[in-house]
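Reviewing the structure listed below.
The values are calculated or read from the model by the stated rules, or taken from the named source; none is laboratory data. Note that the structure is predicted; figures quoted are calculated from it, not measured. Here the Cβ positions follow ideal geometry from the backbone for every residue, glycine too, while neighbour counts run over all protein chains shown.
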Amino acid sequence: MDVESAPRGHGFRALWGRLKEHPLAKLGPGLITGAADDDPSGIATYSQAGAQFGLNMLWTMPLTFPLMVAVQSMCANLGRVTGKGLAANIKMAFSPIVLQSVVLLLLIANTLNIAADVAAMGEVAELVSGVDRHLMTALFVFGTLALQLFVPYHLRSVPQFQQHRQRHR
């Protein structure tokens, strides 16, 4: 059954047709949100905390998980209802200085997070290869920058998503 022959109004058939067309198309932003903190520095932190505390911190899960779900749900609903991102919503509701402060804080946090990610990659590369972590970190930084600057974006993006976007224009 191809997508065109699946009736759009008949629940399961329509859903199956869309999923068959592209299985990841229905996952939405939840996949991105869920995987957002599974970066090298996060994994290094989780590994260190697990090695140090074992299961002793597990009691915090029933307390923190509902709070985390509430924050993610509010952010997702805000974006879904307004059709705008967080910065655009802040711009509508607050003065420009608040928006500029939030964007500056985000820039600083993202810069430090990327630095921690690359440093963790260098540390792991040293564990695996024996090459100095500072050298490996520099190689990762310059390699990533070279790829971003010299490889065109259309070669880096996933072809299935490009085809999906072109069909639905």
Which condition from (1) farther than 30 Å from Thr144 by Cα; (2) at pLDDT 85 or above is the one that Asp117 breaks? (1)
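Among the listed residues Ala44, Ala76, which satisfies the condition of being part of a helix (DSSP H, G or I), modelled with pLDDT of 85 or more and among the small types (Gly, Ala, Ser)?
On the way: Ala44 fails: modelled with pLDDT of 85 or more.
Unique residue meeting the criteria: Ala76.
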Mind checking which residues of the range 88-117 are small (Gly, Ala, Ser), loosely packed, with under 13 Cβ neighbours inside 10 Å and under 27 Å from Thr45 (Cβ atoms)? Ala109
Selection within the range 130-160 - closer than 17 Å to Pro40 by Cα and either modelled with pLDDT under 90 or not aliphatic (A, V, I, L, M) (or both): Arg133, His134, Thr137, Phe140, Gly143, Thr144
Could we say that Arg8 is farther than 30 Å from Phe140 by Cα, at pLDDT below 80, part of a helix (DSSP H, G or I) and over 17 Å from the mean Cα position of the chain (by Cα) here? no
